[in-house]
Each structure stands twice: as structure tokens, then as C-alpha cells.
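A short write-up of the structure that comes next.
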Amino acid sequence: MAAVTEEPQFPFARRNDPLDPPAEYAHIRLEGPVRKARLWNGQNVWLVTRWTDVRQVLSSPHVSSDVQRKGYPSLSPGRTAQITSRNTFINMDPPAHTHYRRMLTKEFTLKRMTELRPSVQAIVDRLLDAMIDGGAPADIVTSLARPLPATVISTMLGVPARHYDDLRQWTEIRNDFASDPDEVRTAADSMMAVLDEVLKEKEAHPGDGADLLARLAIEYINTGELPHDEAVRIATFLYMAGHSTTASQLTLGLLSLLQHPDQFSMLVKQPTLVRGAIEEMLRFHTIAHFNAARVATAPMSVGGATIDAGDGIFALLLAANRDPATFPHPDTFDIARSPNPHMAFSFGIHQCLGQPLARLELDVALSSLIKRLPGLKLAMSADELKFTEMAQVFSVETLNVAW
Ligand code: HEM
């Protein structure tokens, strides 16, 4: 009689170093490298762990990001409520995805980022002035990492700053896998109500298009090309995607740098290394650790496994970014790593639209920190760090530093 193999329950917990992926990823990569696991609702899902296989899946025309398609995998009841209540272009396939994404690409070009840099620098300067005036120790999360992207995305979209605290709390509820589905839906509705009000104001008084939502109103909503309700979903998603991710990446990146004081000193001595340091922070942490869920729309062969149409897939970005076949010594944090073809922003048509903005904010923040606080160090021990793991964005709650 053939042995009955029980599929392992996914997601796996990080049992050793919380900054390292679950040990199962390396086992699967070696033994699988593509294997099935079981989700909370009994559904089987394919886990893809090798860099080449993840790239293949994410660039295949035979996968869908549509959460309404049978087989699209979800990690908890709260996550199901979340993905079905923010159904915008990140969860669409071409041609609808292409249509909406095109409306936004010019907002995230390198030229636009160059224009934005002075205002991002001014925000960082103001936040660091206040942090330094307050004296050490200070929590980087509340002093810099959260307010920076929140202020940048609010200004960029044209969302009044008074909404920030509410929007952040709702984002946290939506991000957490353990959240109650009703709470998630209420948070999504509340966010959309705020953005609905903001957009109606832009549609009525777009002025000369001073911010992204005003330009969206002028070019697409008021011309009838973009329905108001879709614009509300897009605006809500941009707000969410634009602040919690960058906040977490900045905090975790700084944590790793300060845990490797030799590398922090290297940066202080050679600020041109900042760009490479940012790429390594992105690779090493891969904070969007459960992004890139897909469902197959046709049979496909990946890493020796046959994935059938309708099967759910997790293209594990964190596993791919620690694949030793692509990254020598993948579990070593090395700001001089080159080349560094990581997929922290995913790959293929859904690759992060906001990555130039995230890189800009990380660059300005890190460059300013090494210049103004070259003696920066951790002011808490490793066992005081609290990580949020079972959530869409991996993060650390508090990071106390001194200088
Ligand atoms: C360090 C910061 C960030 C990380 C690690 C990150 C990561 C990701 C990942 C992995 C995806 C792809 C999901 C998939 O393949 O299914 C994605 C998509 C996206 N991100 Fe980001 N993101 C970051 C910052 C931002 C920022 C600042 C914005 C700006 C608003 C943004 C906007 C978006 C949008 C609009 C998409 C959907 C793209 C599409 O479906 O075509 N992200 N992000």
C-alpha cells in the first residue's frame, strides 16, 4: 500500500532567527523544489522556492492574480476578507490590469522621483531634527520610519494629514492575518469612505493637478475613462501600499545595519555604498514575504512538478531571495553584495509600481542618518525586539537607537 503523505501546514513559523526564513523553505528547495502544502481551509497549494522557478511562475502568462478565481490561495479568513475587499489592479489580469496600471506609471518615473527628492529630504530633515532634539534613546519607528512614508504618500496623493492616524490603524488591521474578517471589512470600508470623500473633492476642484489624485481626476475620472469607484479602490490601495511597506523596510534595514556595526561604519566612510546597502536590505528582509500568490490558468511544469489549471501557487519571494544558487552565502547580510538580482518587489507584470518611490525614501533616510548620526547604535537587546510575522508585511514594532 502506498504511504499516505500528509501535506505540511502553511504558512510555516520562523523558529530560529526571526530575520531568517522558516527552515522549511531551504528543505523544500533542496528536496522539492516545488511541493504542495495545506492551507487553513484544507486547500492544497504549491510552494515555489527556487529563484529560477519563482521567476518562471511570475513571468508566465498562465497564472492569474484574480482573487475571485477558484483556487486563488489565501492565508487566513482575515486575509480572504482583505483581498476580496481591496480588489483593484494588483488583483487583476491583462488587459484590465494593463489599462489601470498605465494610468499610474508616469507618477513613478525616475524623472518624477528626481522632482520629489527635495521635498522628501525636507521631511527627513524635519523628522531627524525633532528626533535629535528629543535626545537619545529614540524609537526609529515612531520618529522616522512611519511618519516619513506616511507624509510622503499623503502629500503625493493629496490626502489631508488629519486622516493619517485612522488610515494607519485600518491598514494594520487589514495587514494582520489574525484579524477578524468583519473587522477587516469594516477597516476596508472606512478607508474607502475617507478616500471617497477626498476624491469627490478632487473631482469637483482639481485645480491645476497639483497632486496625483487631482491629476487622476482631470485626466481619467472627469473624462469618464476611470469610474469613480475604481479610482477610490486605486487610491486606497496606493495609500496602503505606499506607507506600511517602506516603514517596515526602513526599520528592518536599519536593524540589520546596526547589528553589523562594521557595515554601518563602512557606509559612514563610503556613502556611495548606500544604494547597494538598500538592495541588500530589500533582498535580506523581503518584507512582502507572502506576496505573489497566484492561481494557474493552464497546466504548467515548474521545477519538475506539474501544476494544473486551478491550482493555487505561492511564488515565495523570501525563499527565492535566499536561494544559494543565485546568492552566494544567502543568509549573510552583505551591503557590498554584487550582483543582487533580488525579487523583493516581485517580478513580471505585477512588479511593484512604487519601487522608485520606496528606493528614493530609503536612500534619503539612510544617507541623512549616516551623515548626521555616524555614531548610531542599537539601544535595545535582541530579545526585546518584537516582530510581526503572520501578516502580509513582516515588521518590527519598535527600534530604539542611541547616538
Ligand atoms: C520597500 C517597500 C515596498 C515593497 C517591498 C513592495 C513590494 C511589493 C510587491 C512584492 C508587489 C507585487 C505583488 C505581486 O506580485 O503580486 C508590489 C506591488 C505593488 N506595489 Fe509595492 N512595495 C513597496 C513599496 C511600495 C510603494 C512606496 C508604493 C507606492 C504607492 C507601492 C505600490 C505598489 C503597487 C501599486 C503595486 C501593484 C502593482 C501591480 O499589480 O501592477 N509599493 N509591491
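The values are calculated or read from the model by the stated rules, or taken from the named source; none is laboratory data. It should be emphasised that the depicted structure is a prediction, and the values quoted were computed from it without experimental measurement. A quick note on method: Cβ atoms are made from the backbone with ideal geometry, for glycine too, and the neighbour counts reach across all protein chains shown. The protein model used for the area step is the full one, side chains on, heavy atoms only, and it has no ligands, DNA or RNA in it. Shrake-Rupley method; radii C 1.70, N 1.55, O 1.52, S 1.80 Å.
For the pair A13/K371, report the inter-label distance in nm, with labels modelled 7 Å from Cα in the Cβ direction.
For the pair A13/K371, the computed spacing is 4.4 nm.
Separation between the R275 and M380 pseudo-spin-labels, each 7 Å from Cα along Cα→Cβ, expressed in nm?
Roughly 3.3 nm, to one decimal.
List the aspartates and glutamates whose alpha-carbon lies under 19 Å from that of K371, not counting same-chain residues fewer than 8 positions away?
Here the aspartates and glutamates satisfying the reach criterion relative to K371 are D125, D129, D133, D139, D262, E361, D363.
Highest first, please rank the peptides 18-24, 130-136 by the mean number of other Cβ atoms sitting within 10 Å of their residues.
18-24, 130-136
For every other residue with a beta carbon closer than 13 angstrom to the beta carbon of R29, add +1 if it is Lys or Arg and -1 if Asp or Glu, then tell me the sum.
-2
Tell me the per residue accessible area of the chain using a 1.4 Å probe; a whole number in Å² is fine.
On the way: 17060 Å² over 403 residues.
It amounts to 42 Å² per residue over the chain.
Could you work out how much longer the chain between A298 and T114 gets when fully extended? Use 0.36 nm per residue separation minus the Cα distance between them, nm to one decimal.
Contour length minus Cα-Cα distance gives 62.0 nm.
For segment 347-401, what class follows from the C-alpha gyration tensor (a ≥ b ≥ c being the square roots of its eigenvalues): rounded when a/c is under 1.5, otherwise prolate if a/b is larger than b/c, else oblate? Could the numbers behind the result be given before it?
Details: a/c = 4.30, a/b = 1.25, b/c = 3.45.
Oblate, since a/c reaches 1.5 and b/c is not below a/b.
Hey, what did segment 176-335 get for relative contact order, percent, Cα under 8 Å, at least 6 apart?
Details: 136 pairs, mean separation 24.7, N = 160.
Once normalised by length, the contact order is 15 percent.
Could you list, in their original order, any pairs among K36/K386; K106/K386; K111/K202 whose Cα atoms are separated by more than 27 Å?
Correct reply: K36/K386; K106/K386.
Only Cα pairs within less than 10 Å get springs; with that Gaussian network setup on the chain, which residue of P137, P330, P95 has the largest fluctuation?
Top of the fluctuation ranking is P95.
Counting only protein heavy atoms and using a 1.4 Å probe, what share of the accessible area of the chain belongs to carbon plus sulfur, as a whole percent?
54
Tell me the relative contact order for segment 304-403 as a rounded percent, counting alpha carbon contacts under 8 Å between residues six or more apart.
Relative contact order, segment 304-403: 17 percent.
Just report the Cα centroid separation between segment 161-196 and segment 273-305, whole Å.
26
I need the shape label for the chain. Rule: rounded when a/c is under 1.5, else prolate if a/b > b/c, else oblate, with a, b, c from the alpha carbon gyration tensor.
Oblate shape, in that a/c is at least 1.5 and b/c is the bigger or equal ratio.
Modelled label-to-label distance, R126 and N222, 7 Å Cα→beta-carbon offset: nm?
2.7
Taking R0 as 51 Å, what's the FRET efficiency between A336 and D182 from their Cβ-Cβ distance, rounded to 0.05?
Rounded to the nearest 0.05, the efficiency is 0.60.
Run lengths n ≥ 4 of DSSP H only: what is the helix-derived mean residue ellipticity at 222 nm for the chain, with -39500 (n - 2.57) per run over all residues, to the nearest 500?
On the way: 14 runs with 187 residues, N = 403.
About -15000 deg cm²/dmol.
Could you tell me the distance between the Cα centroids of segment 363-403 and segment 67-122, to the nearest Å?
So the two Cα centres are separated by 27 Å.
So what is the relative contact order for the chain, in percent, with contacts set as C-alpha pairs under 8 Å and at least six apart?
Once normalised by length, the contact order is 25 percent.
What is the calculated FRET efficiency for A23 to E397, with r their C-beta to C-beta distance and R₀ = 25 Å, to the nearest 0.05?
The calculated FRET efficiency here is 0.55.
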